[in-house]
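Single-structure report; data block below.
The values are calculated or read from the model by the stated rules, or taken from the named source; none is laboratory data. Source: prediction; values computed, not measured. Here the Cβ positions follow ideal geometry from the backbone for every residue, glycine too, while neighbour counts run over all protein chains shown.
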Amino acid sequence: MLQRLLLVFLLVLVSYSYAQPQNEVKKEAPKQTQDSIKKTEFAKNIGNGYLPFNYFNLDLRYLVKFNQYEGFRTGLGGITNDRFSERYRIDGYLVYGFADQRFKYRVGGGFRVNENSNTWVNLAYTDDLQETGSSKFLTDKRFFTFFEPRLINIDLFHRHITKSLSLQHKVSNHLLSETQLAISNIDPTYNYSYLFDNKSFQNFDISTAKLSLQWSPFSNFELVDDKIKETKDGYPKFTFQFTQGIKSVFGSDFNFSKLDFRTIQQFTHKNDAITKITLVAGLAGGDIPLTHLYHAYPNNITKETILRRFSVAGLNSFETMYFNEFFSDKFSTLQLKHTLKPFKITDRFQPYLVLISRYAIGDMSSIARHQGIQFSTLNKGYSESGFEINKLFFGFGLSFAYRYGAYHLPKLEDNMAFKFTFNLAL
């Protein structure tokens with residue numbers, strides 16, 4: 001726990017150091033319009049996780065991270081900017097994990113085919129780790145935070161060497177798409193084998209084709225400085241993704257299909273309170289190993305007491321669900337968050353209360369195929385509720401969650417999660 005607290009403290013110092021210049025920019029009246037534009041652009045880049053240079057933007061995500069498998073993970077990464085070229089881009093990173101003593105890297109690039117539709121063709125080669133059971137949408141916007149709360153506690157990773165070709169295309173302002181073809185060699189870092197067709201696979205090759213769509217029908221867009229920009233972030237939003245694993249293509253071992261869906265609805269009330277509803281669902285069928293199935297975003301480590309489990313609450317994770325406790329080939333989660341109007345105690349001290357309820361249900365067929373790891377399914381329905389009090393001190397807050405219902409545990413304190421939160425707007 002001391003390592004996790006030390007890591008968070010260091011990251012807070014880094015975050016605060018980057019936040020301070022922006023605060024000063026807001027307080028000082030701009031002396032010249034050009035300087036003001038430069039400062040605004042710089043602050044925007046920092047908020048997106050980039051430190052801009054002449055032709056290259058340093059990606060702050062790769063500077064330092066921590067997880068249970070790699071320990072401290074540090075390195076450098078970035079992407080070329082418009083000063084380098086508005087038509088071509090090069091990106092990549094190189095990081096090192098001190099616990100597993102391995103380098104990981106990515107080398108990629110792309111070229112723009114059409115400016116009006118923002119159509120890009122991208123190529124990438126990646127040798128890195130990925131959390132088993134995680135599922136990401138290709139069209140998700142870049143979300144940056146100086147540290148990822150769940151990452152600190154994750155210990156179940158598989159190594160993947162992936163070659164990918166993708167096509168980004170804006171069908172309309174409201175509909176974004178991305179298609180990807182990928183070939184991956186998968187090697188779990190833990191004791192696991194997948195039984196299929198009278199054969200045991202400890203590592204395997206997978207070839208996939210993906211199509212991802214992000215639809216924002218209620219957002220508004222306007223032409224600003226000769227560029228289309230989103231002027232109203234409208235709700236609800238919908239994201240779909242279809243994945244097809246193809247056997248025997250480039251040596252792929254399995255045939256399978258996955259369909260992922262997410263919708264987000266948000267209501268802003270007259271008293272400035274905000275209600276947010278997030279529904280996520282996934283369905284996988286065919287011959288598919290555990291690495292490509294689903295967990296439900298757990299964020300609780302297996303320790304004996306509440307204090308030893310004390311860590312950082314995630315943004316959309318189940319705080320009382322233990323890591324590697326559940327896996328599914330079909331699942332759905334529903335999260336309800338109601339954020340009350342901030343308590344204006346002073347101009348600088350304005351904490352706010354968030355009421356949270358989370359629910360998950362899922363199941364898995366052919367459990368016996370997954371050897372070397374024990375887990376349960378969510379077929380009885382999982383429930384937890386709690387609250388957060390955010391921004392009590394330098395972006396820190398506290399959270400509490402309680403697990404109840406069908407998966408309530410015999411020992412009372414094992415159903416509780418007491419953690420801190422961290423929110424710092426740049």
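Can you tell me which of Gln335, Gln350, Gln266 is over 29 Å from Ser164 (Cα atoms), loosely packed, with under 14 Cβ neighbours inside 10 Å and in contact with a Lys or Arg (Cβ under 6 Å, 6 or more places away or on another chain)? Can you show your working first?
Values: Gln335 fails: loosely packed, with under 14 Cβ neighbours inside 10 Å; Gln266 fails: loosely packed, with under 14 Cβ neighbours inside 10 Å.
Of Gln335, Gln350, Gln266, the one residue that is over 29 Å from Ser164 (Cα atoms), loosely packed, with under 14 Cβ neighbours inside 10 Å and in contact with a Lys or Arg (Cβ under 6 Å, 6 or more places away or on another chain) is Gln350.
Hey, any hits in region 64-71 for a residue that's of a type in the set (Lys, Arg) and touching a strand residue (DSSP E or B) at 6+ places or on another chain (Cβ under 7 Å)? Explain how you work it out, then say what you get.
Step one: of region 64-71, the residues of a type in the set (Lys, Arg) are 65.
Subsequent filtering for residues that are touching a strand residue (DSSP E or B) at 6+ places or on another chain (Cβ under 7 Å) retains 65.
The answer is yes, given that some residue of region 64-71 is of a type in the set (Lys, Arg) and touching a strand residue (DSSP E or B) at 6+ places or on another chain (Cβ under 7 Å).
Just checking, does region 35-58 include any residue being within 23 Å of Tyr125 (Cβ to Cβ), at pLDDT below 95 and loosely packed, with under 13 Cβ neighbours inside 10 Å?
Scanning region 35-58 turns up at least one residue that is within 23 Å of Tyr125 (Cβ to Cβ), at pLDDT below 95 and loosely packed, with under 13 Cβ neighbours inside 10 Å.
Which residue, of Leu165, Leu156, is under 18 Å from Tyr190 (Cβ atoms) and touching a residue at least 12 places away in the same chain (Cβ under 8 Å)? Before the answer, list the steps.
Values: Leu165 fails: under 18 Å from Tyr190 (Cβ atoms).
Result: Leu156 is the single residue among Leu165, Leu156 that is under 18 Å from Tyr190 (Cβ atoms) and touching a residue at least 12 places away in the same chain (Cβ under 8 Å).
Can you pull out the residues in region 151-168 that are among the charged types (D, E, K, R) and within 25 Å of Tyr322 (Cβ to Cβ)?
Of all residues in region 151-168, those among the charged types (D, E, K, R) come to 155, 159, 163.
Answer for region 151-168, where residues must be among the charged types (D, E, K, R) and within 25 Å of Tyr322 (Cβ to Cβ): Asp155, Arg159.
With the requirement that a residue be hydrophobic (A, V, I, L, M, F, W, C) and under 30 Å from Ser200 (Cα atoms), what does region 341-379 give you? Step through it out loud before you land on a result.
If we filter region 341-379 for residues that are hydrophobic (A, V, I, L, M, F, W, C), which is where we start, we get 343, 345, 349, 353-356, 360-361, 364, 367-368, 373, 375, 378.
Ile361, Met364, Ile367, Ala368, Ile373, Phe375, Leu378, listed by residue number.
Any residue in region 62-79 that's without any contact (Cβ under 8 Å) to a residue 60 or more places away in the chain: show its pairings with residues that are crowded, with 20+ Cβ neighbours inside 10 Å and among the hydrophobic types (A, V, I, L, M, F, W, C) at Cβ separation under 6 Å, as long as the two are six or more apart or on different chains.
Tyr62/Val95; Arg73/Val95; Gly75/Val95
For region 244-265, indicate whether the set of residues that are in a loop (DSSP other than H, G, I, E, B), free of Cβ contacts under 8 Å to residues at least 24 places away in the same chain and either farther than 28 Å from Glu131 by Cα or touching a helix residue (DSSP H, G or I) at 6+ places or on another chain (Cβ under 8 Å) (or both) is non-empty.
No, there is no match, as no residue in region 244-265 is in a loop (DSSP other than H, G, I, E, B), free of Cβ contacts under 8 Å to residues at least 24 places away in the same chain and either farther than 28 Å from Glu131 by Cα or touching a helix residue (DSSP H, G or I) at 6+ places or on another chain (Cβ under 8 Å) (or both).
Going through region 80-108 one residue at a time, which ones are at pLDDT below 95 and crowded, with 18+ Cβ neighbours inside 10 Å?
none
So Phe240 fits all but one of (1) more than 20 Å from Lys141 (Cβ to Cβ); (2) without any contact (Cβ under 8 Å) to a residue 40 or more places away in the chain; what number is the exception?
Just one mismatch for Phe240, condition (1).
Out of Thr208, Thr231, I need the residue that is crowded, with 19+ Cβ neighbours inside 10 Å and not small (Gly, Ala, Ser). Which one?
On the way: Thr231 fails: crowded, with 19+ Cβ neighbours inside 10 Å.
Exactly one of Thr208, Thr231 is crowded, with 19+ Cβ neighbours inside 10 Å and not small (Gly, Ala, Ser), namely Thr208.
Any residue in region 320-347 that is modelled with pLDDT of 95 or more and β-branched (Val, Ile, Thr) sitting within a Cβ distance under 7 Å of a residue that is in a loop (DSSP other than H, G, I, E, B) and surrounded by 14 or more Cβ atoms within 10 Å (Cβ to Cβ)? List the pairs, counting only those 6 or more apart or interchain.
Thr333/Ala296; Thr339/Ala273
Every residue in region 280-292 that is surrounded by 15 or more Cβ atoms within 10 Å (Cβ to Cβ), within 22 Å of Phe137 (Cβ to Cβ) and touching a strand residue (DSSP E or B) at 6+ places or on another chain (Cβ under 6 Å), please. Step through it out loud before you land on a result.
Residues of region 280-292 surrounded by 15 or more Cβ atoms within 10 Å (Cβ to Cβ): 280-284, 287-292.
Within this subset, residues satisfying the condition of being within 22 Å of Phe137 (Cβ to Cβ) are 280-284, 288-292.
Hits for region 280-292 are Val280, Ala281, Gly282, Leu283, Ala284, Ile288, Pro289, Leu290, Thr291.
Given the conditions (1) more than 19 Å from the chain's Cα centre (by Cα); (2) farther than 14 Å from Ser184 by Cβ; (3) modelled with pLDDT of 95 or more, and given that Ser248 satisfies all but one, which numbered condition is not satisfied?
For Ser248, the exception is condition (3).
Can you pull out every residue in region 194-203 that is surrounded by fewer than 19 Cβ atoms within 10 Å (Cβ to Cβ) and in a strand (DSSP E or B)?
Here is the first cut: in region 194-203, the ones surrounded by fewer than 19 Cβ atoms within 10 Å (Cβ to Cβ) are 195-200, 202-203.
Listed by number, the residues that qualify are Leu195, Phe196, Lys199, Ser200.
Given the condition hydrophobic (A, V, I, L, M, F, W, C), surrounded by fewer than 17 Cβ atoms within 10 Å (Cβ to Cβ), assigned to a strand (DSSP E or B) and touching a residue at least 40 places away in the same chain (Cβ under 8 Å), answer yes or no: does some residue in region 371-392 qualify?
Yes, because at least one residue in region 371-392 is hydrophobic (A, V, I, L, M, F, W, C), surrounded by fewer than 17 Cβ atoms within 10 Å (Cβ to Cβ), assigned to a strand (DSSP E or B) and touching a residue at least 40 places away in the same chain (Cβ under 8 Å).
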